[in-house]
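Working notes, structure below.
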Amino acid sequence: VYNRLQDPQIQPKRGSLDDLALQNQRSSEDFENDDDDNEDPAAAYSQVEDVWIVQQFIEALKNADINNGNLFPDAVNNLFNPPEYPLELDNEVNVDLIECLQLFFHGHNSAKHYNQTIHDLKMHHPEDDLLSFDQLKHTIWQLTGITPIINDMFPNSCLAYTGPLREWNSCHCCGQDCLDPVTGKA
């Protein structure tokens, strides 16, 4: 298979993506061919910050397994023991649950908006047994085995606090501080 990066007659333009790829390839080859076990593995990582971030995510994916994530034990159990039957809800018996699910799946899935809608519906139909947002999420988990994986986002939703970004104090894209200056929380 022809690889233009390995062709000695083609010299990529300095600073181009091909040039960076070639530099990183050479760094990786140098690292793999080096018999010195005392050398710092971080030396193989790029000096270009965006490339370094991608390398960190790739490394995290290579090392990922079921035990080193942020999954709760019940979520791990659900992955190994998924439901083996189709989910069926009776339209007459589960009318309130179906109404809540429809609200949730039709775009009212922010907790504040969903709970406000449920509150308004209960004012007109107090006899309905409508679930709060948290109750509905728990019910969905019980019925399907699906649990959310939640990572906080930077203030403008540019990036998630995950992988190599989880320790950052400000957003790489927009420059805003991660923590609210008033509450000190994300």
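With the other protein chains left in place, how much accessible area per residue, in square angstrom, belongs to the stretch 139-186 at a 1.4 angstrom probe? Mind dumping the intermediate values first?
Numbers: 3290 Å² over 48 residues.
Per-residue value: 69 Å².
Are there GluC sites (Glu not before Pro) in the stretch 54-163 that DSSP puts in a loop and that have at most 15 other Cβ atoms within 10 Å, and which ones? Walk me through the numbers on the way to the answer.
Values: sites: E59, E84, E88, E92, E99, E127; in loops: E84, E88, E92, E127.
Within the stretch 54-163, the qualifying GluC sites (Glu not before Pro) (loop, at most 15 other Cβ atoms within 10 Å) are E84, E88, E92, E127.
The values are calculated or read from the model by the stated rules, or taken from the named source; none is laboratory data. Small disclaimer: the values here were computed from a predicted structure and weren't measured. We place every Cβ from the backbone using ideal geometry, glycine too, and count neighbours over all the protein chains shown. The protein model used for the area step is the full one, side chains on, heavy atoms only, and it has no ligands, DNA or RNA in it. Shrake-Rupley method; radii C 1.70, N 1.55, O 1.52, S 1.80 Å.
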